[in-house]
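Worksheet for the structure shown next.
Nothing in this text is a laboratory measurement; each read-out follows from the coordinates by a stated rule. Since the model is a prediction, treat every value here as computed from it, not as a measurement.
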Amino acid sequence: MSENSPSGTRQAITRNDHVAGETIGRHRHPFHQLMYVSTGVLAVRTEAASWVASSARAMWTPADTWHEHRVYGISRVHTYGFPPDDAPLPASTPMVVSVDPLLRELLIAGSEPGLAPPEAGRLLAVVHDRLRRSHVQPLNLPTPQDPRLARACSLVAENLARPRTVRWLARRSGVSERTLSRLFRNEFGMTYPQWRTVTRVFHAMILLAEGLSVTESGRSCGWATTSAFIDTFTRTVGQTPGGYRAAARGTAGRQRAPEPPSH
């Protein structure tokens, strides 16, 4: 673990390595926090929704937001704290933001142990600027509030490999099909099929980070064919499942060293 507090900034910066399955219970901070995983996957849950952060997606939690998280796969987590009056991102709601290659390297470099305060301050200033230019990633899994909707969502999540119709869910949740469909629209702002797609992609991201193959992950989350899974995942996440898996497991871009020339 490392922690840097560049002179004159008040921002706490840490780097921590976590084993697969490690959890951090419900807590909050008096400062804004950005969480980035250079290796592995971080699932973050608040009272309103759940998000998945990875090497291409960082999690932003505004000050005083109750949250908890769990890592999947061996993970390295970089956290950046920002004062309440100096937020590079909106301070009203949690969100996932895109991390381009430059921002990724800045986040990693800025959390290296033993940085001299002037260097750490310069890196942090550029991180601040790049975060202001980052794009919000809309993928999140909203938390149901109505007990009937919560029951239906739980039934789907128990076995994503089995397709569940609205009729089947309504019958087991004690509501009419029309009422259940209305609950999905009112609480989540999406139809049941749209929500189920987001849920399947959300869980596929975790399975990929844990080491399952693209085919196994797609099948476990209910896709009939690997090609259909790849297409849906890529359109939703903006990255192929194979590329996502490699980045989450820290193997993206790794190549064998070139062999010395023979004489």
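For the chain, modelled as a GNM whose springs connect Cα atoms under 10 angstrom apart, the maximal fluctuation among R76, R245, R28 occurs at R28. Rg and Dmax over the alpha-carbon atoms of the range 144-249 stand at 14.6, 43 Å. For the options H69, H78, H29, a Gaussian network treatment of the chain with springs between C-alpha atoms closer than 10 Å singles out H29 as fluctuating the most.
Between helix 147-158 and the chain there is an angle of about 70 degrees, using the helix long axis and the longest principal axis of the Cα atoms. So which residue, out of M35, M205, M190, gets the largest mean-square fluctuation from a GNM of the chain using Cα contacts under 10 Å as springs? Sorting by GNM fluctuation, first place goes to M190. Only one of [x] 63, 61, 30; [y] 50, 43, 39; [z] 71, 41, 39 was calculated from the structure for Cα extents along the principal axes in Å, and its label is [x].
With each run of n ≥ 4 DSSP H residues scored as -39500 (n - 2.57), what mean residue ellipticity at 222 nm is computed for the chain after dividing by its residue count and rounding to the nearest 500 deg cm²/dmol? Can you show the working numbers first?
Numbers: 9 runs with 98 residues, N = 263.
My calculation for the chain gives -11000 deg cm²/dmol from helical runs alone.
Mean separation of Cα pairs under 8 Å and 6 or more residues apart, divided by the residue count, gives the range 144-249 a relative contact order of 23 percent.
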